[in-house]
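The values are calculated or read from the model by the stated rules, or taken from the named source; none is laboratory data. Because the structure is predicted, anything quoted here is derived from the model rather than measured. As a convention, Cβ positions derive from the backbone with ideal geometry for all residues, glycine included, and neighbour counts pool all protein chains shown. To get the accessible areas, we keep the full protein, side chains included, count just its heavy atoms, and leave off ligands, DNA and RNA. Shrake-Rupley method; radii C 1.70, N 1.55, O 1.52, S 1.80 Å.
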Amino acid sequence: MSHEALRLQLEDILENSRLIALLQPIIDLQEGWVMGYEALTRGPSNSPLHAPHALFRAAGRHGRHAALDRACAAVALDTFAQLNLHGKLFVNLSPSSLLDTNFAPETLLTTLAASGLCGDQLVIEITENADGLDYGPLREAVAKLRAAGIEVAMDDLGEGFSSLRMWSELKPAFVKIDRHFISNIHEDPHKVQFVRSIVQLAAGANTAVIAEGVETVSELAVLMNAGVRFVQGYLIGRPAPIPIRIPPREVESCLRSGSVSVLPLPHARDNSQVSAAKLATSAPVVTPTTCSEDVLTLMMQHPNLHAVAVVDGGTPVGIIHRPALLDRFIGLYGRELFGKKPCADFMDADPLLVDKATRMTELSALVVKKGKAAFTQGFIITDEGRYLGMGSGFDLMREVSEMQIIAARYANPLTGLPGNVPIQEHVERLLVSEETFVAAYFDLNQFKPYNDVYGFRRGDDIIQLLASILRESCHLDLDFIGHIGGDDFVVLFQSRDWQRRCHTILARFHRECLALFSSEHVEAGGYHSEDRRGAMTFHSLVSLSVGAAPIDPEHFHHYQEVARAASEAKHIAKRSDTSLFIDQRKLPFAPGLASETMREANCA
């Protein structure tokens, strides 16, 4: 369809109010209710402008963006009011529309009153991040809205450098984390760390965090544990003309469970040699005599370039930051006043210079010492004093976060399961949550004689078999599986059917481990090998013992207490003729744990 035909369709849609408002719920994870709705606009269903991207692209092409924003806001307010919905209504606006007189506070309050709504029910959601924004008028517009009781939200946090600056400049009441960082967060430790960092920053800025794009219960559970208070996404409810008013049953169940999610663990690696060279990004440079107009052109040609190094004969002598440069040219007569002047006149002549061999920990300290500018605007990386590339605070934060995660989580090299450090961390998270759980200690019996007869390689096979059975038998979103070392494993169960799972693990191991013995040894029920005194002794086939200690917040407060209880239960299981021993001396009173009478010993 031609541009003119699309323009005519757009005008028809605007003149005849043919837009449709779909509302998507946002829930409060602390209170368990719908706190508001985001309005998402669609064109007529039989129109090529039905999809929002096509609709707004046509409006932008024909200079009707502000008019479309006004029409979208009007249909959203009407729909929200007609449905008599409670909570807040999030209405999307571009920064340019935010400055439009039709969105002045007094105009909005009049429109709201006509719909029977109050100012504190409306949240203006800024939908674009654009280079070259004049933040002064935007700050004034937001301040006037806030004074009228209308709050502002910022969309797509994490999409670029400009979003961080917009957060700092506008101080919104809400920030929405881009769906990229939410998708499969339960499988990506870097996304977990990013979201946790944003939650911490938001707490200091008195800003509420909303996670977008939540589609699975696993994602929701991790976000709850990461401290995110508000979420939206298909799991909660799809955008609809008549949206849901209460959370779906599976969401309510997740909120009530109080379970501590099992966080993903990265593969261990040696971080001792990671240096600033890893952060060096190849970027164009300018000389001290380059005129500022040419630097501006360079910036426009490279929209992702946050700063430009000023290099004289291969040696960096300064840095030009994008915001500082744009601030000069955005004012009246900026190009005429500064365009022909050499960039040396306004460069930062004291940039942070770091050699490529600088370790990440040292670099972090240097950035902190230099101040906020070095983090937000970047630094120059050199090779024996000569320019090598640019580094950004964002990349540094990402790399340091990754190193911290890996340093705190040591995985067993044989099974890939978390070892003692992450086991302790998870126990402490469970104790802090004051949730009831079960610490189950899994240990192989007669394992040393097996190694003596079959060799360490086959011993590794039997350990990997047990690790595989544990993974396949536990609820991986609820049950934490750790490898203490050797043939010792621990599972921190939150599954209510943990006893059934233990019996399943015991039965599967007893059945599947037979393939790792010779038929003669299976028929004989064991084999002869030297004992610890060097005498030949008959040893039975390898078996599995489980000692389980129910843990409740009334009796357990420290990791050492949990570890001791699980270890004692394991020792009793190994000394007795039982496969599963449950220590009920401090049995908690909780559904799923005390729901059935437990004997001191339970045979598999």
One point scatterer per Cα, no solvent, Debye formula: log10 I(q)/I(0) for the stretch 4-161 at q = 0.10 Å⁻¹ comes out as -0.37
Shape call for the stretch 437-479, from the Cα gyration tensor axes a ≥ b ≥ c (a/c under 1.5 means rounded, otherwise prolate when a/b beats b/c, else oblate), comes out oblate
The answer for trypsin sites (Lys or Arg not before Pro) in the stretch 272-370 that fall in a DSSP coil and have at most 15 neighbouring Cβ atoms within 10 Å is Lys340
Around Pro553 (Cβ within 10 Å, Cβ-to-Cβ, excluding Pro553; K/R +1, D/E -1) the net charge comes to -4
Which of Lys176/Lys369; Lys448/Lys574; Lys144/Lys191; Lys278/Lys372; Lys144/Lys369; Lys448/Lys570 exceed 25 Å between C-alpha atoms? The answer is Lys176/Lys369; Lys144/Lys191; Lys144/Lys369
The simple spin-label model distance between Glu568 and Glu425, using points 7 Å out along Cα→Cβ, in nm, is 2.9
Scaled by the rule-of-thumb 2.2 N^0.38 Å, the alpha carbon Rg for the stretch 96-247 gives a ratio of 1.11
Residue separation between Arg359 and Met300 times 0.36 nm, minus their alpha-carbon distance, gives in nm 18.0 nm
One would report the antiparallel percent of DSSP beta bridges in the stretch 1-145, rounded to the nearest 5, as 55
The base-10 log of I(q)/I(0) that the Debye equation returns for the stretch 10-87 at q = 0.16, 0.19, 0.23 Å⁻¹, one scatterer per C-alpha, is -0.61, -0.78, -1.01
Rounded to whole Å, √(5λ) for the Cα gyration tensor eigenvalues of the chain, largest first, gives 56, 35, 20
Inter-part gap, Cα centre of the stretch 278-322 to Cα centre of the stretch 521-560, in whole angstrom, is 66
Given unit charges at Cβ for Lys, Arg (+) and Asp, Glu (-), the dipole magnitude of the stretch 110-215 about its Cα centre in debye, nearest 20, is 400
Plugging the Cβ-Cβ distance of Met536 and Arg511 into 1/(1 + (r/R0)^6) at R0 = 30 Å yields, to the nearest 0.05, a FRET efficiency of 0.55
Using a 1.4 Å probe on heavy atoms of the protein chains only, the accessible area for Arg64 in Å², nearest 10, reads 70
If each K or R counts +1 and each D or E counts -1, the residues other than Ala277 whose Cβ falls under 11 Å of its Cβ total +1
Expressed in angstrom and rounded, the centroid-to-centroid distance over alpha carbons for the stretch 1-25 and the stretch 175-241 is 32
Using alpha-carbon coordinates alone, the radius of gyration and Dmax of the stretch 529-582 in Å work out to 15.6, 49
Magnitude of the Cβ-charge dipole (Lys and Arg +1, Asp and Glu -1) of the chain about the Cα centre, nearest 20 debye, reported as 100
Taking a ≥ b ≥ c as the square roots of the Cα gyration tensor eigenvalues, with a/c under 1.5 meaning rounded and otherwise prolate when a/b beats b/c or oblate if not, the stretch 276-414 comes out prolate
Taking Lys and Arg as +1 and Asp and Glu as -1, residues besides Ala467 with C-beta under 13 Å from its C-beta add up to -4
For the chain, the per residue accessible area (1.4 Å probe, Å²) is 47
log10 I(q)/I(0) for the stretch 492-546, Debye formula on C-alpha points only (no solvent), q = 0.15, 0.17, 0.20 Å⁻¹, two decimals, reads -0.58, -0.68, -0.79
Inverse of <1/r> over all distinct C-alpha pairs of the stretch 443-591, i.e. the Kirkwood Rh in Å, gives 16.6
With a ≥ b ≥ c from the Cα gyration tensor eigenvalues, square-rooted, and the rule rounded for a/c under 1.5, otherwise prolate when a/b > b/c and oblate otherwise, the stretch 220-353 is oblate
Dipole check, the chain, charges on Cβ (K,R +1; D,E -1), about Cα centroid: among Met300, Asn420, Ala280 the Cα furthest to the positive pole belongs to Asn420
With -39,500 (n - 2.57) per DSSP H segment of 4 or more residues and division by the full residue count of the chain, the 222 nm estimate, nearest 500 deg cm²/dmol, is -12500 deg cm²/dmol
DSSP beta bridges in the chain: the antiparallel percent, rounded to 5, is 65
Kirkwood calc, the stretch 102-152, C-alpha pairs only, radius in angstrom 11.7
In the chain, taking the dipole from +1 charges on Lys and Arg beta carbons and -1 charges on Asp and Glu beta carbons about the Cα centre, the listed residue (Ala357, Ser401, Gly32) farthest towards the positive end is Gly32
A chain fully extended from Thr289 to Arg335 at 0.36 nm per residue, minus the present Cα-Cα distance, gains in nm 14.9 nm
With the 8 Å Cα cutoff and a minimum separation of six or more residues, the chain has a relative contact order in percent of 9
